[in-house]
């Protein structure tokens, strides 16, 4: 009896031990499948999906004239209102999510589309108008990390109201800080592959003759002179005024600024990215949503 009992105990003990190993293997296999699935979901949602979506975007096919057959087109990408959150109103988790998504979208687009130049049309930062030197430097460092680019791609920006403040908040110090950081001046003409871009500080186009406004208007007039001299080379009325003026491409300029030129609403806007019908009928406020009618006419006349 003792021998039999001992045999049964060993036998049952072996069975119990084997059952424990089997359960452990099942748990390990479940955890492996769960972690693998979790990794694939995160990899797809936080990395791969950006490539799959942006792969659907293609550069338009341009019709070339005989004299343009050997000219390569300029591939330009336009962004706006990145609004990197600052130290005052930006929650760390909100910043983490937003900036990761923006960075992945931007870097995926650069890799797939290979643009020659990227323009960001103002409001790079959400709190530039309030930032002290330390916060500004931290925000700029994050911006440069997120929007890094290869040597063959150029990045240019224009100033927005959240970068230096609305018209009555902006100061020379804030404007100079932005211009020094990004090597930008209002009225700067950038020519790439024969195409002229005029970068304008639209926050200063209030029309109230403030000091910054006068400087911005003078810079735009200087840009206009360069463009006019390039378009009308050899014309007697301009020969005197154009002496010493840097020659540019004679192409029509493209105006780049943060505030759009005046329009009543988006009612005439069409396309896949156009607003809903209700939003299209909402009237814009001058000097807030768009430039004033007067400033828009003036800048079109000058440029």
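Brief remarks on what is shown
- Calculated mean residue ellipticity, 222 nm, the chain: -14500 deg cm²/dmol, from DSSP H runs (n ≥ 4) at -39500 (n - 2.57) each, averaged per residue and rounded to 500.
- Relative contact order computed over the chain (Cα-Cα under 8 Å; 6+ residues apart), in percent: 13 percent
- Efficiency of FRET between residue 279 and residue 75 - r from beta-carbon atoms, R0 41 angstrom, step 0.05: 0.85
- Per the Debye calculation on the chain with a single equal scatterer at every Cα and no solvent contribution, log₁₀ I(q)/I(0) for q = 0.06, 0.13, 0.14 Å⁻¹ amounts to -0.33, -1.12, -1.26.
- Estimated from the Cβ-Cβ distance and a Förster radius of 30 angstrom, the FRET efficiency linking residue 241 and residue 111 is about 0.05.
- Shape call, segment 83-123: gyration tensor on alpha carbons, a/c limit 1.5: oblate
- Here the Kirkwood formula puts the hydrodynamic radius of segment 158-234 at 13.2 Å, using every distinct Cα pair.
- FRET efficiency estimate (nearest 0.05) - Cβ-Cβ, residue 93 to residue 300, R0 45 angstrom: 0.50
- Bridge orientation summary for the chain: considering DSSP beta bridges with both residues in this region, about 25 percent are antiparallel.
- Over the Cα atoms of segment 35-127, the radius of gyration divided by the Kirkwood radius equals 1.11; this is the Rg/Rh ratio.
- Cα gyration tensor shape for segment 58-212, rounded if a/c is under 1.5, else prolate or oblate: oblate
Taken together, the values in this text are just the output of simple stated rules run on the coordinates, not laboratory data. All values derive from a computational prediction rather than experimental measurement. All Cβ positions, glycine included, derive from the backbone under ideal geometry; neighbour counts span all protein chains shown.
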